[in-house]
Amino acid sequence: MTEDINVQEKKLLSSQPQIISLLSRLALNPPSSLILEGGEAEERLALSKYLLKKLNCNDAPNGPCLECTVCTKIDADVFRDLFLLDPQDGLSVDHIRELRPILAQKPRHRWRMIVIAGSGDLNIPCANALLKSVEEPVSRNCFIFLAAQREHLVPTLISRSFVLTLARRPWTASDQESEELYREFSGFVVTGRGFMDSTSGKNFLSLNQARQFLTRIQNELAGAQRGEQSPFMNLAPQSWYRMNKVLHTAFYALSCRVRIDLVLQWLALTFWQIRRTN
Ligand SMILES: [Zn+2]
């Protein structure tokens, strides 16, 4: 059984080699709050557990060995310093408050981890209650918020957290139209030509597809910052920063139901201007 978990987990972890190396470095001095965004939900959870093992494995600092009692307990969700919370399981403010006295004590092992899966579904009172716990000056507690993208979290949580973006998912073949659209978008960012004609006046994407499209661009930007081939590579950090802010506004506009073609055209035009003045 344990072997099955290990094989499955190794497969998941091997798809995110850069995050593994970043997490290993973070383990030397873990932040009190970390956001893992991007990738798949199961990857985000597996990576949180990887960090917890790295921090507590009996073979530290070389581990995680994936075989000691600590590693196997973490895999089986019975490690006493691992708290798994999920808004979809009916997480309430009372529940978070009840945890506080426990979190105020020293962990049984070296580090305690509180993982909030599906953080994008947190309501404001729960997010604020968690934020209060994050800000308690208790060392050796590490909160990890898992979300498809950071924009789903309240800004105060984002500003107090270290954010890691998982490598992008490969675009599925059935999304050929979106792929074509992305090619036109990135072409426009470089040349200032094309994209507007193919988007004008049409509501060609559903809201969900439009969000996915923006997420794709966000992942490309993150990739460019890691040195991957992309139309956004070799830009000044200030330009990436501006593009991320513009993307953030585009996500917000979508959530306010601004017409999708207008949002994408505005995004393309603004990216083109930022790239031109880079
Ligand atoms: Zn171990």
- Query: Once the piece of chain linking N278 and Q209 is laid out straight, how much longer is it, given 0.36 nm per residue of separation minus the C-alpha distance between them?
  - Reply: 21.9 nm
- Approximate spin-label separation T191-S139, in nm, with each point projected 7 Å along Cα-to-Cβ: 5.8
- Message: How much length would be gained if the chain were fully extended between D77 and S255, taking 0.36 nm per residue of separation minus their Cα-Cα distance, in nm to one decimal?
- Response: 60.5 nm
- Quick one: angle between helix 41-56 and the longest Cα principal axis of the chain, in degrees between 0 and 90, rounded to 10, please. 40
- Please compute P(r) over all alpha-carbon pairs of the stretch 2-165, binned at 5 Å starting from zero, and give each bin as a whole-number percent. 2, 9, 19, 23, 23, 15, 8, 2, 0
- What number, rounded to the nearest 500 deg cm²/dmol, is the helix-based mean residue ellipticity at 222 nm of the chain, given -39500 (n - 2.57) per DSSP H run of at least four residues and division by all its residues? -17000 deg cm²/dmol
- What's the percent breakdown of Cα-Cα distances in the stretch 173-276 across 10 Å bins, shortest bin first? 15, 52, 30, 3
- Message: If you fit an axis through the alpha-carbon atoms of helix 2-14 and take the longest principal axis of the Cα set of the chain, what angle between them do you get, 0 to 90°, nearest 10?
- Response: 30
- How many times 2.2 N^0.38 Å is the alpha carbon radius of gyration of the chain? 1.10
- Query: Within the chain, how many lysine pairs that are 8 or more places apart, or on different chains, have C-alpha atoms less than 29 Å apart?
  - Reply: 22
- Query: What number in nm² do you get for the stretch 93-169 if you take the convex hull of its Cα atoms and divide its surface by four?
  - Reply: 5.7
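Every number in this text was worked out from the coordinates using simple rules, so none of it is lab data. Given the structure is predicted, the values throughout are model-derived calculations rather than measurements. Here Cβ is always computed from backbone atoms with ideal geometry, including for glycine, and neighbour counts include all displayed protein chains.
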